[in-house]
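Data block below; observations after.
The values are calculated or read from the model by the stated rules, or taken from the named source; none is laboratory data. What you see is a predicted model; the values in this text were computed from it and never measured. In this analysis, Cβ positions are derived from the backbone assuming ideal geometry, glycine residues included, and neighbour counts consider all displayed protein chains. Heavy atoms of the whole protein, side chains included, go into the accessibility calculation; ligands, DNA and RNA do not. Shrake-Rupley method; radii C 1.70, N 1.55, O 1.52, S 1.80 Å.
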Amino acid sequence: MLVLDTSSSMSGTMGKASRLETSQKVITDFIKGRKEDRVGLVIFRESSLVLSPMTLDYQALTDVVGRVNDVNLPDGTAIGVGLSDALNLLRDSKARSRVVVLLTDGENN
């Protein structure tokens, strides 16, 4: 499960790109490297939202990653809420390994 911080602090720049744009690029590259791994996406600000359950449809997931700015959640950095949503999705998985990748620049609010 990928857990992405989309709070306003992620709009800060790292060189030419924002932290969010850089994170989106990293996620897209990560997805391109997957083969037969189910991957999902949770975004968070003050609250969290599952944008994609675990899937093998990498193109659809990549499209969702590109549109995370379209989701309007109240601003904040609820890292724990985002992580708990991801863990809840993984809890019933029968996969041999289960991993959460957290992409954030902030502290929990």
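Things worth noting here:
Here is a yes/no grid of residues against (1) at pLDDT below 95; (2) more than 12 Å from Asp5 (Cβ to Cβ); (3) in contact with a Gly (Cβ under 7 Å, 6 or more places away or on another chain):
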site: Thr55; (1), (2), (3): no, yes, yes
site: Thr77; (1), (2), (3): yes, no, yes
site: Leu89; (1), (2), (3): yes, yes, yes
site: Val100; (1), (2), (3): no, yes, no
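- Residue in the range 60-67 that is surrounded by 13 or more Cβ atoms within 10 Å (Cβ to Cβ), touching a strand residue (DSSP E or B) at 6+ places or on another chain (Cβ under 7 Å) and in a strand (DSSP E or B) present: no
- Applying the condition of being open to solvent by less than 40 Å² (accessible area, probe 1.4 Å) and touching a Phe, Trp or Tyr at 6+ places or on another chain (Cβ under 9 Å) to the range 19-59 and asking which residue is nearest to Ile79 (Cα to Cα) yields Val39.
- Within the span defined as the range 79-91, every residue fails to be of a type in the set (A, V, I, L, M), touching a strand residue (DSSP E or B) at 6+ places or on another chain (Cβ under 9 Å) and in a loop (DSSP other than H, G, I, E, B).
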